[in-house]
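To start, the structure itself, in structure tokens.
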Amino acid sequence: ESLRMIDLKIGRQTASANWKGKSRRKSFLQKQLDRRTNSVREGFRMEGIDNPPLCLQSRDATVGSNSIRASAMRKTKYDRSMLQNYSASMILTFFTDLHPNLDNDTSKNMMVSEVSEIVLH
């Protein structure tokens, strides 16, 4: 079995100039990123997830792309942007989605919210 771990970056502002060698320019760019992500709305954002559920793995940003290399680069950037904009409720849903880990009879008859309730109870 492998654990599911979520990497969260906490704070509405995640960079400051002159803190641990951060330049003004890098701080400015990080503030622009903060404004486009969940950091501003809820005070944190998801940067990554280890052992993601199937519902998260199945999202594909490269459908209809012409170039394999361009689509791979686009997919990486899209995936990162998508993760950084998920709300707390979506993050919790991904974290507790254990459908593939349950036996087929149980998971077929239950909604994601019901499985999550069992996991968190």
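Extending 7 Å from Cα along the Cβ direction at LEU8 and again at GLN57 yields two label points whose distance is 2.4 nm.
Near ILE49, the amide H atoms lying under 5 Å from its own belong to ASP7; only residues 5 or more places off or on other chains count, and H is placed 1.01 Å from N.
The label-point distance for MET111 and LYS20, in a model that sets each label 7 Å from Cα toward Cβ, rounds to 4.2 nm.
Evaluating 6.51 cos²θ - 1.76 cosθ + 1.60 at θ = phi - 60° for every residue in segment 28-34, the Karplus couplings come out as 4, 4, 5, 5, 5, 5, 4 Hz, glycine and proline recorded as x.
No value in this document is a laboratory result; all are computed from the given coordinates. Please read all numbers here as calculations on a predicted model, not as lab measurements. Cβ coordinates were reconstructed from backbone atoms using ideal geometry, including for glycine residues, and neighbour counts include every protein chain displayed.
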